[in-house]
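Here's the structure we're looking at; comments come further down.
The values are calculated or read from the model by the stated rules, or taken from the named source; none is laboratory data. From a predicted model like this one, the values you see are computed outputs, not experimental measurements. So basically every Cβ, Gly included, is an ideal-geometry build from the backbone, and we count neighbours across all protein chains shown. Surface areas here come from the heavy atoms of the whole protein model, side chains and all, with no ligands, DNA or RNA. Shrake-Rupley method; radii C 1.70, N 1.55, O 1.52, S 1.80 Å.
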Amino acid sequence: IADLIGKVKSIVITGQCIGGTTASLSALFLLCHLLSLSVYPPMSVLCITFGSPLLGNEALHRSIRRQRWGENFCHVVSKHDIMPRLLLAEIVNHIPHIQALLQFWHCCMASPHLPVAGLSSQVSNDLKHILFHSVLKDLELLTQADDPSESLFWPFGSYVFCCQEGAICVENVASIMKMMHLMMATGSPNQSIEDHLKYGDYVAKVSRQFLQARNFEEGIPDSSYEAGVALALQSSDLTDKEPVAVMAKECLQMAQHGDKPNLNAANLAIKLSKIVPYRAEIEWYKACCDEADDQLGYYDSFKLTGASRREGRVNINRHRLAQFWNSVIHMLESNKLPHDFDRRGKWVNASHFYKLLVEPLDIADYYRTGMRRERGHYIEHGRERRYEVFDKWWREKSVPEEENKRSKFASLTQDSCFWAKVEEAKEWLDNVRSERDAMKRQQLWHKIDNFEAYARQLIYNKEVSKDVLAKNSSFSRWMEEWKEMKSQVQQITPLFPGFMDGKVVP
């Protein structure tokens, strides 16, 4: 797999039974590895398992959902197969039975020319009966529990339930658990064992049936939603099995009535349009600061005059925007938005603009209110998580922007943490004047040198707003102090060659 990275556009990993679990682990490892490499163009990873036992608990499920990796996993489960359901039951007292079952399946897969029905006689009826009823009982208790998340194992990704009539796909966790129980309840101990060996037949039949027309015994439902539920019921082969059919319909309706990601995204777009006036008012405030006679600039104006009526209104708008964007992140991480939401240009660009516009105000407020003394510097101890999330969205844009040379300064400084770095550089400059330890003084000098080079590069590339270069801005004042200090050192060094390396103590 390592040799394929950067050479192929997609990788599909698959496996059956325990091999399916190995495939899932391999896919998770690969996804984590690609994330650490920031591979571009991104490589598609798809894991398809057949009759695989579950892997991991609810914490793993949440982590996969948080990374938006659920779409990378498709788990195919036959109607009565006991293996995918096995770890949802209490199995401690059945380890010998399970070992015997695994040996039987291994024997069958090693002899595909022999009929399954004939080999099935090698497994005792008592073993089949014990395992089937034990798993079915625990499954029923789990689906009725107030908090099924207490289960040691928890599904993630999409589940495709297949049978002779077709297949249905379910993503909602509660619906997956319910369908696991309902489908198995219509089977028998023999079917629960033999179904594990029929995935080839099921997949072939589903492929042939996919384009075949379906017939509705009671006529076509009025709504497309009801028609979808009816088709799914037919594909599950549960339509004529009462009362299971009723419960299965409720289960599918619960899955359909989930969080409705696309509808939520559409509603968010409306809310985004409603907060535009708050953002526009902050933009107007920045323009006024940039043109003001005091030549303080956007950042310093808010930091020094934050108690005024005008700045107070800007502060309220800052909090309103933060509340909106925090809600967006919460919905995304709660799986209430489409899986590709954080790659959609509209939202990536809107969040990036918000970050560049508002984070300088957050930094100004942080240092104005003395949070630096309580917590430490902003970047490590005060930065809100939403900005880190938006940084990640921007880095992972599917199509990078072309790097064209700017002809004029940016409307917003392209490093939203620039002013926090200025505040750190101001402290370094104060400390280097009083530091008696030569080694520490050299380290501070080196940090200041690096920041100056970084800032000059931003200015050269015109990636800063003109407020950075305002005559009385924190950055301009810092540059003047730094130039003065360098000039003094240049005068001292010929007289005391060891001044900077500590051989002479001033």
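Residues Thr186, Thr305 ordered from highest to lowest accessible area at a 1.4 Å probe: Thr305, Thr186. Across segment 418-432, computed HN-Hα scalar couplings (Karplus, 6.51 cos²θ - 1.76 cosθ + 1.60, θ = phi - 60°) run 4, 5, 5, 5, 5, 4, 5, 5, 4, 5, 4, 5, 5, 6, 5 Hz from first to last residue, x flagging Gly and Pro.
Residue ranges 263-275, 338-350 sort as 338-350, 263-275 when ordered by packing (mean number of other C-beta atoms within 10 Å per residue, highest first).
Mind grabbing the base-10 log of I(q)/I(0) for segment 1-94 at q = 0.16 Å⁻¹? Debye formula, identical points on the C-alpha positions, no solvent, two decimal places. Ignoring solvent entirely, the Cα scatterers give -0.70. Grouping the Cα pair distances of segment 263-367 into 5 Å bins from zero gives a pair-distance distribution of 2, 11, 22, 22, 15, 11, 8, 5, 2, 0 percent in increasing distance order. Once all protein chains are placed together, Tyr460 keeps about 150 Å² accessible to a 1.4 angstrom probe. Once all protein chains are placed together, Trp284 keeps about 140 Å² accessible to a 1.4 angstrom probe. Protein-only accessible surface at a 1.4 angstrom probe places the residues Phe161, Phe29 in the order Phe29, Phe161, largest first. The modelled label-to-label distance for the pair Ala2/Asn190, using points 7 Å beyond Cα in the direction of Cβ, is 5.1 nm. Quote the FRET efficiency, to the nearest 0.05, computed for Ala145 versus Glu484 with a Förster distance R0 of 56 Å and r equal to the Cβ-Cβ distance. Computed FRET efficiency for Ala145 and Glu484 comes out at 0.20. Return the FRET efficiency for the residue pair Arg62, Met109: r is the Cβ-Cβ distance, R0 is 22 Å, and the value is rounded to the nearest 0.05. Once rounded, the FRET efficiency stands at 0.05. What would the Debye formula give as log10 I(q)/I(0) at q = 0.11, 0.13 Å⁻¹ for the alpha-carbon point model of segment 261-490, no solvent? Normalising to I(0) and taking log10 leaves -0.63, -0.86.
Highest mean packing comes first when the peptides 427-438, 134-145 are listed by Cβ atoms within 10 Å, giving 134-145, 427-438. Database remark: amide H of Phe73 closer than 5 angstrom to the amide H of Cys47, Ser158 (H placed geometrically; neighbours at sequence offset of 5 or more, or on other chains; Pro and chain starts carry no H).
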